[in-house]
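Comments concern the structure below.
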Amino acid sequence: MAKGPAEVAHGSIFIGFVIKLILYGLIILQGYLYFATFKRDRGWMKFLIAFLLVADTVNIVFDTIYLYTALIKHFDDPGYLANANWCAHPFIAGSQSVLSEPLLRQSGYRNL
């Protein structure tokens with residue numbers, strides 16, 4: 001049986017998205033445990049953790065909108081599937097990476 005255009009173009013993206021949702025649940029759990037456990041942490045650290053949680057949530061929403069549009073609305077439209085629309089994804093992923101690296105360095109430095 002021949003594969004449809006949506007399966008060829010976005011099958012692996014959908015599988016990655018499902019794994020990302022599972023990991024997102026763990027991130028939400030970690031955020032909850034952080035705010036419940038470290039109540040006396042500095043304000044900028046709490047703000048940074050909250051910002052990263054919100055940025056990850058926004059990233060999930062954008063990915064959901066993109067996959068819904070590509071796989072449901074334009075299911076049998078190879079022309080639409082050929083043109084990806086990732087306008088905000090690099091910015092959000094890049095900002096999360098840039099902001100989380102100092103946290104990792106600081107926690108590694110503290111444990112030495």
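Candidates in region 12-29 are the residues that are aliphatic (A, V, I, L, M) and either under 18 Å from ILE65 (Cα atoms) or surrounded by 15 or more Cβ atoms within 10 Å (Cβ to Cβ) (or both); of these, the one that is nearest to the chain's Cα centre (by Cα) is LEU21. Taken over region 59-73, residues that are at pLDDT 90 or above and closer than 19 Å to LEU99 by Cα amount to 1. Filtered by the rule that a residue be surrounded by 10 or more Cβ atoms within 10 Å (Cβ to Cβ), among the hydrophobic types (A, V, I, L, M, F, W, C) and free of Cβ contacts under 8 Å to residues at least 12 places away in the same chain, region 30-42 gives LEU33, PHE38.
The values are calculated or read from the model by the stated rules, or taken from the named source; none is laboratory data. Since the model is a prediction, treat every value here as computed from it, not as a measurement. Here Cβ is always computed from backbone atoms with ideal geometry, including for glycine, and neighbour counts include all displayed protein chains.
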